[in-house]
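To start, the structure itself, in structure tokens.
The values are calculated or read from the model by the stated rules, or taken from the named source; none is laboratory data. It should be emphasised that the depicted structure is a prediction, and the values quoted were computed from it without experimental measurement. Cβ placement follows ideal geometry from the backbone for every residue including glycine, while neighbour counts extend to all protein chains displayed.
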Amino acid sequence: MAVLPIRVFGDPVLKERCPEVSTTGEELEQQIRNLIDSLPRPGGAGLSANQIGIIKRIFIYDNEGEIEVCINPRIISSSEEEVEDVEGCLSLPGVGVPVSRHSALELEYIDRAGEKLRIKAEGWTARVLQHELDHLDGTLILDRTDRASRIEALETIENGLPHDVTGEGPGL
């Protein structure tokens, strides 16, 4: 078990699409433990494997205090309704930008025990799941925001200053 550093904007691993997990065993379990140990507590709503340098289709998220492990997740269905809110990201420290997400979805994944599950999520949890799935596809919140917010966020990153377009962005 180890707390691994979270990769930040500019690291090419964050732009890679992660392949599905095809094997189980002690190596996978160790990677899952490292992912759980590396999630900032408090402060992190979720963490994808590639954010700590593991190029596999795995993420974790905080489900009301319990850490859930999602292996090979995929969205089965999503609402037509989308909601815009400010999102932060552990890989973009100090940045918050408006991102539009489906307000509800159904996710299929394999849990830590190897069981295939489906969950329905809405609101904040649906947002977190979509955010983490984006990471597994090599997509960052900067890819999902409007041009002006992206430019301002990139300037903030370049200058090393905290940035939040509204002053109230949560970190995901």
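Quick notes on this structure:
- Qualifying residue in the stretch 54-61 (condition: aliphatic (A, V, I, L, M), touching a residue at least 12 places away in the same chain (Cβ under 8 Å), in a loop (DSSP other than H, G, I, E, B) and in contact with a strand residue (DSSP E or B) (Cβ under 6 Å, 6 or more places away or on another chain)): no
- Of the residues examined, ILE52 is not one that is within 13 Å of ARG112 (Cβ to Cβ), of a type in the set (A, V, I, L, M) and either more than 11 Å from the chain's Cα centre (by Cα) or surrounded by 20 or more Cβ atoms within 10 Å (Cβ to Cβ) (or both).
- THR23 satisfies every condition listed in (1) part of a loop (DSSP other than H, G, I, E, B); (2) in contact with a helix residue (DSSP H, G or I) (Cβ under 8 Å, 6 or more places away or on another chain); (3) farther than 20 Å from LEU129 by Cβ; (4) not aliphatic (A, V, I, L, M) except (2).
- Residue tally, condition buried (at least 16 other Cβ atoms within 10 Å of the Cβ) and in contact with a Gly (Cβ under 7 Å, 6 or more places away or on another chain), over the stretch 22-42: 0
- Filter pass, PRO19 being at pLDDT 95 or above and surrounded by fewer than 18 Cβ atoms within 10 Å (Cβ to Cβ): yes
- Sole residue being aliphatic (A, V, I, L, M), surrounded by 15 or more Cβ atoms within 10 Å (Cβ to Cβ) and modelled with pLDDT under 95, chosen from ALA2, ALA45: ALA45
- Members of the stretch 84-130 that are over 14 Å from the mean Cα position of the chain (by Cα) and part of a loop (DSSP other than H, G, I, E, B): GLY94, VAL95, SER103, ASP111, ARG112, ALA113, GLY114, GLU115
- Test for LEU47: is it farther than 26 Å from ILE157 by Cβ and aliphatic (A, V, I, L, M): no
- Selection within the stretch 67-110: residues that are of a type in the set (Ser, Thr, Tyr) and buried (at least 19 other Cβ atoms within 10 Å of the Cβ). The member of this set that is modelled with the lowest pLDDT is SER91.
- Residue match in the stretch 111-126 (condition: closer than 25 Å to PRO12 by Cα and crowded, with 16+ Cβ neighbours inside 10 Å): no
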